[in-house]
Amino acid sequence: MDGNLQIFSGSGSDQLAGGVCDALGIPLGQAQVSQFPNLETRIQIEENVRGLDVYIVQSMCAPVNDHLMQLLIMVDALRRASADRITAVIPYFGYARQEKKTAGREPISAKLVANLIQAAGADRIITMDLHAPAIEGFFDIPVDHLRAASILVETLKEFDIGPDVIVGSADAGGVARAEDLGRRLGAEDIFVSFKKRHSPEDVTPLQLVGDVRGRTAVVVDDIISTGSSLIAAAKSLMENGAAEVYACAVHADLTAGAVQNLQTSILKSVLVTDTIPVSQSANGNSKIRVCTTAPLFAEAIRRIHNHESVSALFN
Ligand code: R5P
């Protein structure tokens, strides 16, 4: 890489940013990310960035508001330090489940977050598996929306899932994602598990569409939070005759009880990525397998920096 590329990280993505830098063969940019005594976010960029092509890797995972503020303040600091171009690399885009109004007097928080990132001075965005792809259009700057499917499929192929696999979605909204993953895996048909959420932790299966009898099923979702959706889908699949059920999700936005819920569930294995740091306990968990996205983000950064097409990375 030439010397004009610099990568920084907030505390939401320091490990992933390290992996990205390793893949690119450059050191991570030095920045202090801390808090003032009154808990305001404090950022100090410790390198000269004048005229550089700068990337900030920062997921909007919990504590999401702190991580969002770190990102905004880092962009501001870099802009005022005369960076030539600032790209916000947001492996997990938070607030994405608030992308439309479902009742009167509700906000569209995902649009507000997009406005804030642009107003801070970001020139472009790289992100992965937005909960709603339309969020890309909330920005008036270029957005490279990467998908984790190829990474998850490579790891799934390491399991002995056999040729008679069927792939499906944990809800109606994720059908396109499941279809894509199924196509990559060579699965010929698809199922959809419809669900009803009574509360954040309480999800019951409503109906299963698709013939899963005797088949290995792979249920796909974009986010795992409590694990309820995937576990409800797995129960429904087993009740409808599936031989075994694997789960895949991109973003492991795990709540406190999620690891235990997944570990004691009938799921055979759960694949997630590192767009959100997965705690040591979950990482060492026999059912949860974490696949790294670092090489894909690194390749996207390399191509953008070198003014090369990134289209091939979307396949
Ligand atoms: C919701 O629409 C998302 O796509 C996921 O299905 C949801 O966030 C999963 O949450 P949980 O693991 O709590 O069921």
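The values are calculated or read from the model by the stated rules, or taken from the named source; none is laboratory data. Computed from a predicted model, the values in this text were never measured in an experiment. Positions of Cβ are backbone-derived with ideal geometry, glycine not excepted, and every protein chain shown enters the neighbour counts.
So that you can scan it fast, the table gives a plain yes or no per residue for (1) of a type in the set (A, V, I, L, M); (2) away from the ligand (no atom under 16 Å from the Cβ):
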site	(1), (2)
128	yes, no
132	yes, no
156	yes, yes
160	no, yes
201	no, no
210	no, yes
213	no, yes
231	yes, no
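Return the total of residues in segment 70-104 being more than 16 Å from the ligand (Cβ to nearest atom) and either polar (S, T, N, Q) or assigned by TED's automatic domain parsing to the domain that holds residue 223 (or both). Of the residues in that region, 3 qualify. Annotation: of all residues in segment 268-289 being surrounded by fewer than 17 Cβ atoms within 10 Å (Cβ to Cβ) and not in a loop (DSSP other than H, G, I, E, B), the one that is modelled with the highest pLDDT is 283.
For first residues located in segment 70-96 and touching a residue at least 60 places away in the same chain (Cβ under 8 Å) and crowded, with 24+ Cβ neighbours inside 10 Å, partners that are of a type in the set (Phe, Trp, Tyr) and not in a helix (DSSP H, G or I) and lie 6+ apart or on another chain with Cβ distances below 6 Å form the pairs 87/55; 89/55. Residues in segment 242-253 that are assigned to a loop (DSSP other than H, G, I, E, B) and over 22 Å from residue 196 (Cβ atoms): 243 alone.
Let's see how each residue does on (1) at negative phi; (2) buried (at least 20 other Cβ atoms within 10 Å of the Cβ); (3) touching a His at 6+ places or on another chain (Cβ under 6 Å); (4) not in a loop (DSSP other than H, G, I, E, B):
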site: 107; (1), (2), (3), (4): yes, no, no, no
site: 116; (1), (2), (3), (4): yes, no, no, yes
site: 135; (1), (2), (3), (4): yes, yes, no, yes
site: 153; (1), (2), (3), (4): yes, yes, no, yes
site: 166; (1), (2), (3), (4): yes, yes, no, yes
